[in-house]
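**Q** The structure is given below, and queries will be raised subsequently.
Just so it is clear, none of the values below were taken in a lab; they were calculated from the coordinates. These numbers were taken from a predicted model, which means no experiment stands behind them. Please note: Cβ atoms are built from the backbone with ideal geometry, for glycine as well, and neighbour counts cover all protein chains shown.
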Ligand SMILES: C[S@@+](CC[C@H](N)C(=O)[O-])C[C@H]1O[C@@H](n2cnc3c(N)ncnc32)[C@H](O)[C@@H]1O
């Protein structure tokens with residue numbers, strides 16, 4: 001991949017970047033001057049910039065992402081003194097705990113960033129002709145190409161049902177068609193194949209669920225979340241706050257269950273849930289940033 005060209009596109013793009021539910025995140029995290037901040041999905045620093053602008057505590061704040069392009073973009077905050085870590089958030093959380101780091105605020109804004117999604121080279125979008133890649137971390141071995149062109153039919157079907165919540169009948173048909181047609185060379189070819197095997201009239205593009213499934217599987221998104229959530233209370237200072245934004249029901253279910261279980265531990269509880277029901281974006285935000293439509297924000301405070 002041409003790093004300089006992609007970086008240039010990213011920089012132009014970032015001028016237009018809008019962090020999702022920023023006002024709501026600020027309302028639940030309540031950043032105060034001098035407080036420390038851990039951003040486990042720092043991306044293009046939409047949230048981080050706003051929060052660090054309020055706390056001005058760069059030195060005790062850590063920004064994590066596993067995407068090299070995001071890390072390159074975060075340089076401007078490193079120059080102000082923030083600590084930037086290229087790592088998956090589970091690995092980063094373990095390292096931070098090992099070193100005894102604790103924070104007043106933690107944010108997890110899950111899933112892919114808009115630049116990852118919008119750049120066809122990354123292969124996340126079924127609307128653009130790209131390679132079957134879908135890795136957030138470009139150094140990772142497993143790609144969508146490997147899954148699509150080499151995994152057995154049964155495994156593909158399982159991935160589509162588990163991570164795309166696809167109807168098993170369609171998942172089977174699509175897996176069958178993939179196995180018959182491979183090698184599949186790119187995202188558009190895959191999207192067309194899926195379309196040809198599903199109902200023409202659906203609210204969303206027929207490839208939406210299959211692409212979501214592949215992306216979640218390739219990046220082990222649910223596994224990362226499941227392993228990291230239990231570490232969050234340990235990473236918070238007393239009275240510290242955590243906010244978690246999810247974009248699909250699989251993630252939101254994990255976050256909801258985790259907070260419910262924590263909250264139900266009585267005197268042993270480490271977290272107090274701040275959002276009985278998830279907060280969602282307002283119509284105004286959705287009209288200017290359609291990606292916000294599926295966002296759900298849950299928050300809790302360390303007891
Ligand atoms: C929705 S974006 C975050 C956007 C950011 N809040 C902003 O305002 O610019 C999610 C980011 O998290 C990163 N990410 C997702 N899962 C991750 C994981 N398990 N470990 C580290 N980074 C992850 C992605 O690479 C992406 O840059």
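**Q** Expressed in nm to one decimal, what extension gain is obtained for the pair residue 269 and residue 26 from 0.36 nm per residue of sequence separation less their Cα-Cα distance?
**A** Here the answer is 85.1 nm.
**Q** Follow-up question, since we're still on this one. So what is the diffusion coefficient of the chain in µm² per second by Stokes-Einstein at 10 °C and 1.306 mPa s, using a Kirkwood Rh over Cα pairs? Please list the in-between numbers first.
**A** Working: Rh = 20.1 Å.
Estimated via Stokes-Einstein, D reaches 79 µm²/s.
**Q** Across the Cα atoms of segment 141-218, what radius of gyration and what greatest pairwise Cα-Cα distance (Dmax) are found, in Å?
**A** When restricted to the Cα atoms of segment 141-218, Rg and Dmax are 11.1, 36 Å.
**Q** Provide the percentage of antiparallel DSSP beta bridges, counting only those with both residues in the chain; round to the nearest 5. Let's see the in-between values first.
**A** Working: 10 of 25 bridges.
Bridges in the chain are about 40 percent antiparallel.
**Q** Could you tell me the center-to-center distance, by alpha carbons, between segment 87-129 and segment 204-248 in angstrom?
**A** So the separation of the two Cα centres works out to 9 Å.
**Q** Stick to Cα atoms and the Kirkwood definition of Rh, then tell me Rg/Rh for segment 180-303.
**A** Taking Rg over the Kirkwood Rh, I get 1.09.
**Q** For the chain, calculate the relative contact order in percent as a whole number, restricting contacts to Cα pairs under 8 Å that are 6 or more residues apart.
**A** Relative contact order, the chain: 18 percent.
**Q** Return 205, 47 ranked ascending by Cβ neighbour count within 10 Å, so the fewest neighbours appear first.
**A** 205, 47
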